[in-house]
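S.K.: This is the structure I have questions about; it appears just below.
The values are calculated or read from the model by the stated rules, or taken from the named source; none is laboratory data. This is a predicted model, so every value here is computed, not measured. With ideal geometry, Cβ positions are generated from the backbone for all residues, glycine too; neighbour counts draw on all protein chains shown. What goes into the accessible areas is simple: the full protein's heavy atoms, side chains included, and nothing from ligands, DNA or RNA. Shrake-Rupley method; radii C 1.70, N 1.55, O 1.52, S 1.80 Å.
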Amino acid sequence: MGAKWTWFPWAHCQDRKSPGPDQEREKRWAELFDQLDLNKDGHIDILELRTGLAGRGLIRGSLERMVAAGDTNKDGVLDFEEFTEYLRTHEKELKLMFRSLDRNNDGQIDAAEIQHSLHNIGVDISLEDATRILQRMDKDGTMTIDWNEWRDYFLFNPLTNMEDIARYWKHSMMLDIGEQLTVPDEFSEEEKKSGYVWRQLLAGAMAGSVSRTGTAPLDRLKVFRQVHGAIDFKGNVLSSFQYMLKEGGPWSLWRGNGINVLKIAPEIAIKFTAYEQIKNVMRSRNETRNLRIHERFVAGSLAGATAQTAIYPMEVLKTRLTLRKTGQYSGIADCAKQILQREGVTAFYKGYVPNLLSIVPYAGVDLAVYETLKFAWLNRNRGLTDPGVMVLVGCGAVSSTCGQLASYPLALIRTRMQAQASVKGAPKPSMLALLHNIVTQDGVAGLYRGISPNLLKVVPAVSMSYVVYEYTRIVLGVDIEGGL
């Protein structure tokens, strides 16, 4: 519906030297109010705003905030006087923001000024990223933003600071599809000092716990098929599922889930802390320098390797507990004790090398796909402010899934090596020997054994993770406006 309207040019009349600009503005506002008042009752409610402004790509919650700010008589709707007074007040706030950005007072905002303003509030972005932000507002192609373009773009977004703009495309949605956690890229200094960061990380840990528990049966099915090759177990996915049910009953489908949930919190904390420290080292003496994409990839990979090294014994325990037969272990502590007694400390790092190697393709493909999808959306929707929830969740889910596919053969070999000693008397080949055996016996397809249940759990895992993440952030008081 929004695409058919031509009401935005009204904004350009305000600053022209034509008779009665205020009267002309009021006339345009009246026309806009009439268009939004779908039932013609003299009031605009939230449903009419959502319908009338659909497709504008507004920040989540912005319409609710707009009604709350403009509804002076608290009747839940906006009449014409409230509507126009809100727009008048909001324009004044936007004008102040525009002037604070326009450092050289030339009536235009360029990419360097956007970059500088965000740096002042502790959000460092590259000049290229600042240019992309500018291009989304620059309708006349001058590579600068004038007052009219600025006002048109943010008229129905009740922004009060520049930080909201920076958050649109920060990769800060903590999605957990059960393999590798996505930890946010950047936080401002203000967010770090206020405790915002750790509340958001806690929300991510809670979301991961719920999503992993909800998809645990599929995860156990994946591990079972990874370890038992086509020769050992010739059945299909359904027969594997039936075998697990028959051997241990319904509750056996959640074996290994306890340790899988327990390792979330330390992994998040270590990965985030390591990422921050590695970034500081890479910046060297220039603490304000922005990391380029390849530097972020290196920093993310090293942070992931650090976290995996620290929690890897828990990964081994998770695999052993997932594959255990009924009565084999009484719990996590008993499993660890038996491994230590029978195999020694080194057993807790079986499969560590392929696990470490898998981090690079996972992180590289994840980042590359996410950036590609992000910029593809931006190029096709240059007039929209916020990509919206589904776009961001979709980009994160697709990029993480592609990362999994790229690293899956190494993940399979890691799981086989972790499980080697769980089968008494079984040979314990090296990583390369194991790779050769799998390809020889099962073909190249054998490297992707168990991939189907792994892919099946992506949608429910992402859905549960997102819902719990958002509700937990609300409970913890983390502002969810303006960015995922």
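S.K.: Among the residues of region 278-298, write down those that are among the polar types (S, T, N, Q) and either modelled with pLDDT of 85 or more or in a loop (DSSP other than H, G, I, E, B) (or both). Please lay out each step first, then the result.
M.R.: Of region 278-298, the ones among the polar types (S, T, N, Q) are 280, 284, 286, 288, 290.
Residues satisfying the conditions are SER284, ASN286, THR288, ASN290.
S.K.: For region 67-81, check the following and say yes or no: at least one residue is open to solvent by less than 20 Å² (accessible area, probe 1.4 Å), of a type outside the set (Lys, Arg) and touching a His at 6+ places or on another chain (Cβ under 7 Å).
M.R.: yes
S.K.: Could you tell me which numbered condition LEU58 fails, if it satisfies all but one of (1) open to solvent by less than 10 Å² (accessible area, probe 1.4 Å); (2) at pLDDT below 85?
M.R.: The failed condition is (1).
A quick yes/no check of all residues on (1) touching a helix residue (DSSP H, G or I) at 6+ places or on another chain (Cβ under 6 Å); (2) open to solvent by less than 60 Å² (accessible area, probe 1.4 Å); (3) of a type in the set (Lys, Arg); (4) under 21 Å from VAL353 (Cα atoms):
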position	(1), (2), (3), (4)
SER430	no, no, no, yes
LEU434	yes, yes, no, yes
GLY443	no, yes, no, no
GLY446	yes, yes, no, yes
PRO453	yes, yes, no, no
ALA461	yes, yes, no, no
VAL467	no, no, no, no
TYR471	no, no, no, no
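S.K.: Condition (residue is open to solvent by 30 Å² or more (accessible area, probe 1.4 Å), closer than 30 Å to TRP150 by Cβ and outside the structural domain of MET143 (by the TED database)) applied to region 351-373: is it met by at least one residue?
M.R.: Our first condition is that a residue be open to solvent by 30 Å² or more (accessible area, probe 1.4 Å); within region 351-373, this holds for 352-353, 356-357, 360-361, 365, 368-369, 372-373.
So of that shortlist, the ones also closer than 30 Å to TRP150 by Cβ come out as 372-373.
This time we only want the ones that are outside the structural domain of MET143 (by the TED database), so: 372-373.
Looking through region 351-373, at least one residue is open to solvent by 30 Å² or more (accessible area, probe 1.4 Å), closer than 30 Å to TRP150 by Cβ and outside the structural domain of MET143 (by the TED database).
S.K.: Of these, TYR329, TYR312, TYR275, which one is surrounded by 15 or more Cβ atoms within 10 Å (Cβ to Cβ) and assigned to a loop (DSSP other than H, G, I, E, B)?
M.R.: TYR329
S.K.: Another question, if that's okay. Does ALA112 satisfy the criteria of being part of a helix (DSSP H, G or I) and modelled with pLDDT of 85 or more? Break it down stepwise before answering.
M.R.: Numbers: part of a helix (DSSP H, G or I): yes; modelled with pLDDT of 85 or more: yes.
So ALA112 passes the test.
S.K.: Does region 227-237 contain at least one residue that is farther than 19 Å from ILE311 by Cα, at pLDDT 85 or above and part of a helix (DSSP H, G or I)?
M.R.: Step one: filter region 227-237 for residues farther than 19 Å from ILE311 by Cα, giving 227-237.
After this cut, where a residue has to be at pLDDT 85 or above as well, the list is 227.
Checking the rest, the ones that are also part of a helix (DSSP H, G or I) come to 227.
Scanning region 227-237 turns up at least one residue that is farther than 19 Å from ILE311 by Cα, at pLDDT 85 or above and part of a helix (DSSP H, G or I).
S.K.: On the given criteria, is SER407 surrounded by 19 or more Cβ atoms within 10 Å (Cβ to Cβ), in a helix (DSSP H, G or I), at pLDDT below 85 and in the same structural domain as ALA305 (by the TED database)?
M.R.: Against the criterion (surrounded by 19 or more Cβ atoms within 10 Å (Cβ to Cβ), in a helix (DSSP H, G or I), at pLDDT below 85 and in the same structural domain as ALA305 (by the TED database)), SER407 does not qualify.
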